[in-house]
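A quick write-up on the structure given underneath.
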Amino acid sequence: MEAAARARLGRRLQEAVGARYAFVDPYEIRLYQYDASPETALPDAVVIPGNAAEVAAVLRICADEAVPVVARCGATSLAGGTVPVEGGVVITFPRMDRILELDLENLRAVVEPGVVNLSLSQALRPLGFYYVPDPSSQGACTIGGNVGTNAGGPHTLLYGVTVNHVTGLEVALPSGELVQVGGRKAVEATGYDLTGLLVGSEGTMAVVTKVWVKLTPVPPVSKTLLAIFTDLRSASNAVSAIVKGGILPAAIEMMDQLSIQAVEAASHAGYPLDAGAVLLLEVDGIPESAAELTERMGRICREHGAREVRVARDEAERQALWKGRKGAFSAMGRLAPDFYVMDGVVPRTRLPEVLDAIGAISDRTGFKICNVFHAGDGNLHPLVLFDAFKKGQYEAVLAIGDEILKLCADAGGSVTGEHGIGLEKRENIRYVFDEDDLAVMETVRRVFDPSGRMNPGKLFPTGRPAPRTEPQPPGGRRPAPAPAQDEVWV
Amino acid sequence: MTTGSTTSIPGRQVAAQERQGLTVDGVIPSRVVHPQDLEEAAGTLRLCAQAGAGVVVVGGGTQLRLGAPPRRFDVALVTDRLDRLLEYEPADLTCRVQAGMKVEALQAELGRNGQWLPLDPPSPDRATIGGMVAANACGPARARYGSVRDWVIGITVAYPSGAIARAGGRVVKNVAGYDLMKLHTGALGTLGVILEVNLKVQARPEQSLTLQAGFDRAEQAAACALALTRQYLQPAVAAAVDRRAGASLGLDAETPFTLALRLEGYRTEVDAAAALVEEAVVSHRGRMRAGERPAELWAGVRDWVAPQDPEAVVLAAWVPTPSGRTAPSWQSRLRAWCRSGQRGPRRAPCWRGCARPPARRGRWSSPARRPS
């Protein structure tokens, strides 16, 4: 964008939201060039609206100026979902972070998009309720962003993902019009389920300004069990047996040997270093049912070759069992300076063969690959370990990622279970959808966004590779920002 | 009714004996097609689009009156030959079915592995999976298990252009591409014809227990049911019925109102839930009622479309927010209704959150969403 046009855009945005909350200064906008993915791109302007009307006003200006719009909340996207790859205006929501309404009678809350996921649940807990979807970044990511990517988390196995917990949205359309779809009631009344369509549309149709979410009563108890296996295959088979046997755990997480070694070194969670795999299982329920199910799951694990089963007797022990899992991503820093995380999904029963194939890729290429993942729903998170400063490694790792996603798609799965397509996988989407499928989606998109200005360059294949950002010297080091907190996990 | 040349419109003439089953709001199509595969269905749509013919897709025909009357209805596309279970892997808890498969037939297949699709649309012996999705047909177990949108993980749709396109996939967790499953759920076939549906399934609950309680007043029964549905161990179904409705459902009612509850889950949970029910019933001035439940009670509640007895009332309390209103306003309407002494069937709330139509044909949704 030309300097004059950018200055005019900045002025107009400032008129809409106040001088303090819109800026085009090259120094100030630098913060908004990245998210948790390796790629970066500078926006032309950044705006921080204070309410829905201001969002609508911003969108009207953007329509008038014909510039792209990228909504960004916590910027925790691992797929480059909020990187303004075609420039334009980044709208960000730290000022719109209020819980507007709690309706416990009807199990609903109305929140603004900038509400941090965890703070919503923290606000609800004392009342005996919580908001179920718990993406790993829940301490930083927001409900608005969760809506954009249809975020998941470890507890989606039993309770479903974001879309199952959102009953309505207020959105600003690209034209600058504010509309409400759905609302308080369960989404099954009459009319098209536009709420369901917009959730997970990655900001390519509209900008969310208000969200109606379902509240869920907090389960009386959660019981956690750790099962230690000598190999991945028997652990995978145990998962299938548990699920098929009629038990629906709230979470089933798995770690392979390499991850166990890293985790043990970092957090001393007490995992045996020679274990081939550990399973972390959690059931929610009343004390009687949780105790019985834990018993049954332990038995199934032993029948499938678990050499040891540990059950947490109290909350402190439960936290100790989860500690290793939650610290898994951070622990990777002990093995390599960088990692590249993927988000493939395969049918549960195909887990053993896909994990074997990933192991074979690791052997062939020489890159270590850790597997820490949501085994219950077949959502893999292979972590390829590398060093971005060694020439050619990043390219090699991207090629490995591509190969693994193809593997997942060929096994009847998907290229993304919860991170979204974003920028990262916009070409990989072809592994699961053909031209006709994508054409229909493009048609739907154009209904909302005829000019294609909403988060352009995302979700749909462009035929061009994602713009590359060269690794920079320390200080501005990219890619793969190392998780800062102790408890970042995916 | 038909415009353009009938010769270019696909399908055969509608025979006299099938006319009634294909009539939608009094509009009768001239031609009918029973496609045997995806390509034939898509080809039919393409030809209809070229001929400018209006198409209505017909599954089991149980929900044809939903929506406004069709402005054009030349060709009925009947999915009855697309009735196969294409894939089913019990350990993955997923299946892929053709749209014309009957809900009951699918449940029977799943039942062999102790699994089910926890959706209970009315008339499952006739309703098809595709029709259930297109009509977003849910039953009373919705409050506990969610509605159609929560169980559809993938969809294959034929569009008017003749294109066949998929969305979603076969895995339970998937955010690749737009969630067009949601767009087609409840769209009444206005955007395309659903040909295949991928579903999540679940293990059948370990135990199912039906309890009944008697109440003197409707508000007591409703308040008790609402209190229970907000608990962690919420009932799978809660239905409050008056004496007349109870009689037609086979309930032996000595009190003016009966609250029937179905508890489902692990054995230990059901036992604990039963104890909670007793507490709630007593605190709402009701009485637990012993005795067998009539065999067809839940099917009767599920299929409660137009009461045989126009005075009878079924109050469905399984949805926290009937009519999308808050519970208190619903309760105040209920109180007003109780006081008024009017018992017209139009007043009977139902699980769709709106009054079920009386015996004469009526419409309980407004938008004009028929294909033109």
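The values are calculated or read from the model by the stated rules, or taken from the named source; none is laboratory data. What you see is a predicted model, and the numbers here were worked out from it, not measured in a lab. Methodologically, a virtual Cβ is constructed for each residue, glycine included, from the backbone with ideal geometry; neighbour enumeration extends over all protein chains shown. Side chains included, ligands, DNA and RNA excluded: accessible areas come from the protein's heavy atoms. Shrake-Rupley method; radii C 1.70, N 1.55, O 1.52, S 1.80 Å.
Computed values, structure above
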item: Helix A:52-65 vs. chain A, principal-axis angle (Cα, 0 to 90°, nearest 10); result: 60 degrees
item: Solvent-accessible heavy-atom area per residue, rounded to whole Å², over the stretch B:152-222 at 1.4 Å; result: 25 Å²
item: For the stretch A:3-92: rounded, prolate or oblate by the Cα gyration tensor [a/c cutoff 1.5]; result: prolate
item: Centre separation in Å (Cα based) which lies between the stretch B:167-192 and the stretch A:157-181; result: 15 Å
item: Cα-based Rg and Dmax for chain A, where Dmax is the largest Cα-Cα distance (Å); result: 22.5, 71
item: For the pair A and B, total buried accessible area rounded to nearest 100 Å², probe 1.4 Å; result: 5400 Å²
item: Carbon plus sulfur fraction of accessible area for chain A, probe 1.4 Å, in percent; result: 52 percent
item: Solvent-accessible area lost in complex, 40 Å² minimum, residues of the stretch B:249-277 relative to chain alone, 1.4 Å; result: B:266, B:268
item: Shielded by partner chains, the stretch A:325-370 residues - at least 20 Å² of accessible area, 1.4 Å probe, vs chain alone; result: A:345, A:347, A:348, A:349
item: Model label zone, residue A:410; criterion: amide N under 14 Å from point 7 Å along Cα-to-beta-carbon; scope the stretch A:342-375; result: A:353-362
item: 12 Å beta-carbon shell around residue A:45, net charge (K/R +1, D/E -1); result: 0
item: Förster-model FRET efficiency, 56 Å R0, residue A:302 and residue A:443, C-beta, rounded to 0.05; result: 0.60
item: Under 17 Å from the residue A:42 label point (7 Å along Cα→beta-carbon), backbone N, the stretch A:49-84; result: A:68, A:83-84
item: Average beta carbon contacts from partner chains per residue of A:139-152, 10 Å cutoff; result: 1
item: Aspartates and glutamates with Cα under 17 Å of residue A:391, excluding same-chain neighbours fewer than 8 positions away; result: A:338, A:470
item: Principal-axis tilt of helix A:287-303 within chain A, Cα atoms, nearest 10 degrees; result: 70 degrees
item: Anchor residue B:102: aspartates and glutamates whose Cα lies under 14 Å away (excluding residues fewer than 8 positions away in-chain); result: B:80, B:83, B:120, B:125, B:196
item: Helix axis angle, A:351-365 relative to chain A longest principal axis, alpha carbon, degrees; result: 80 degrees
item: Tail weight of P(r) past 16 Å, computed on alpha-carbon pairs of the stretch A:99-217, percent; result: 56 percent
item: Prolate/oblate/rounded label for the stretch A:221-331 (Cα gyration tensor, a/c 1.5); result: oblate
item: Length added when fully stretched, residue B:16-residue B:279, from 0.36 nm per residue minus Cα-Cα; result: 88.9 nm
item: Test item: B:159-168 mean partner chain Cβ contacts at 10 Å; result: 4
item: For the stretch A:221-331: accessible area per residue (Å², 1.4 Å); result: 34 Å²
item: Partners for residue A:214 among aspartates and glutamates (Cα-Cα distance below 15 Å; same-chain residues under 8 apart left out); result: A:101, A:103, A:105, A:112, A:134, A:188, B:150
item: Proximal charge balance of residue A:360 [Cβ under 11 Å; K/R count +1, D/E count -1]; result: -3
item: Along principal axes, Cα extents of the protein assembly as shown, largest first, whole Å; result: 80, 68, 54
item: Solvent-accessible surface ranking, highest first, for B:219, B:296 at 1.4 angstrom; result: B:296, B:219
item: Relative contact order (%) - the stretch B:85-203, alpha-carbon pairs under 8 angstrom, separation at least six; result: 32 percent
item: Solvent-accessible area per residue for the stretch A:355-398 (1.4 angstrom probe, square angstrom); result: 35 Å²
item: Karplus 3J(HN,Hα) series, Hz, for the stretch B:71-83 with 6.51 cos²θ - 1.76 cosθ + 1.60 (x for Gly, Pro); result: 6, 10, 8, 9, 10, 9, 9, 9, 8, 4, 8, 9, 10
item: Relative contact order [Cα under 8 Å, 6+ residues apart], the stretch A:221-331, whole percent; result: 45 percent
item: Zero-based 5 Å bins, Cα pair distances in the stretch B:113-193, whole percents; result: 3, 14, 23, 24, 20, 10, 4, 1, 0
item: For residues of B:231-239, the mean tally of beta carbons on other chains within 10 Å; result: 2
item: Taking the convex hull of Cα positions in the stretch B:56-175, its mean projected area over all directions (nm²); result: 8.4 nm²
